[in-house]
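Worksheet: the structure to be examined is printed underneath.
The values are calculated or read from the model by the stated rules, or taken from the named source; none is laboratory data. Small disclaimer: the values here were computed from a predicted structure and weren't measured. Every residue, glycine among them, receives a Cβ derived from its backbone with ideal geometry; neighbour counts consider all protein chains shown. These area figures cover heavy atoms from the full protein model, side chains too; ligands, DNA and RNA do not enter into them. Shrake-Rupley method; radii C 1.70, N 1.55, O 1.52, S 1.80 Å.
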Amino acid sequence: MMETLGISIYRLLDQQTGLYEYKVFGVLEDCPPALLADVYMDLDYRKQWDQYVKELYEKECNGKTVVYWEVKYPFPMSNRDYVYIRQRRELDVEGRKIYVVLAQSTSVPQFAERSGVIRVKGYKQSLAIESDGKKGSKVFMHYFDNPGGQIPSWLINWAAKNGVPNFLKDLAKACQNYLQKT
């Protein structure tokens, strides 16, 4: 679909839903893998650097840690919220350390749907991070969500072409600031 800042973004149309799933490959320079994984998992810190977060926190539900995340959408659209479980693992693959984060939507009674906010029920993400052999990280992400409601295709295309690169820029900057705050 596009390449920018050393990141390639591909999309595939899901015939059943008519929505796209995305694959992102690339390198984030000056973001070591362990740091990038820590920044990605730190929800309190994300509230400081991600302008689209309205609400974000974890809660124990039935022995699982569940994340609640409300995302700001531009007027006149309704915000979206996600309820999901996620896991982080560090793998050793033939001597290569790979950080893996998996997330998938879930439904638990502790998080009822809210009036005026559309619940994203179909969400899944896989993220793998490893060293680029220098000071940065090679990143692979597979992402799908069904945002529900009627979102114009121009906005979906804008988000994919601008939102993902902007998010990655913000994430790289957040890594640098995270180093300074610790």
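Structure notes:
- Answer residue from the stretch 72-95, given it is touching a strand residue (DSSP E or B) at 6+ places or on another chain (Cβ under 6 Å) and farther than 26 Å from P152 by Cα and is most open to solvent (accessible area, probe 1.4 Å) among those: R89
- Residue among Y68, Y99 that alone is hydroxyl-bearing (S, T, Y), modelled with pLDDT of 95 or more and within 16 Å of F140 (Cβ to Cβ): Y99
- Considering (1) open to solvent by 70 Å² or more (accessible area, probe 1.4 Å); (2) at pLDDT 95 or above; (3) touching a Cys at 6+ places or on another chain (Cβ under 8 Å), the lone condition that L35 does not fulfil carries the number (1).
- Sub-6 Å Cβ pairs linking a first residue in the stretch 118-133 that is aromatic (F, W, Y) to a second residue that is in a strand (DSSP E or B) and open to solvent by 20 Å² or more (accessible area, probe 1.4 Å), at least 6 apart or interchain, are Y123/S105; Y123/D145, ordered by first then second residue.
- Any hit, the stretch 68-75, residues being touching a Ser or Thr at 6+ places or on another chain (Cβ under 9 Å), assigned to a strand (DSSP E or B) and touching a residue at least 40 places away in the same chain (Cβ under 8 Å): no
- Residues that are farther than 22 Å from I85 by Cβ and either surrounded by 14 or more Cβ atoms within 10 Å (Cβ to Cβ) or touching a helix residue (DSSP H, G or I) at 6+ places or on another chain (Cβ under 6 Å) (or both) within the stretch 103-140 comprise E130, S131, D132, G136, S137, K138, listed in sequence order.
- Residue in the stretch 80-91 that is within 21 Å of D170 (Cβ to Cβ), in contact with a Lys or Arg (Cβ under 7 Å, 6 or more places away or on another chain) and of a type outside the set (V, I, T) present: yes
- Taken together, the criteria place V164 among residues that are under 21 Å from D14 (Cα atoms) and either of a type in the set (A, V, I, L, M, F, W, C) or in a strand (DSSP E or B) (or both).
- Close Cβ contacts (under 6 Å, 6 or more residues apart or on different chains) running from residues in the stretch 1-24 that are closer than 12 Å to A160 by Cβ to residues that are part of a loop (DSSP other than H, G, I, E, B) comprise I9/M1; Y10/M1; R11/M1; E21/D14.
- Residue within the stretch 53-61 that is assigned to a strand (DSSP E or B), more than 17 Å from the chain's Cα centre (by Cα) and surrounded by 15 or more Cβ atoms within 10 Å (Cβ to Cβ) present: yes
- Residue tally, condition surrounded by 14 or more Cβ atoms within 10 Å (Cβ to Cβ) and part of a loop (DSSP other than H, G, I, E, B), over the stretch 6-28: 2
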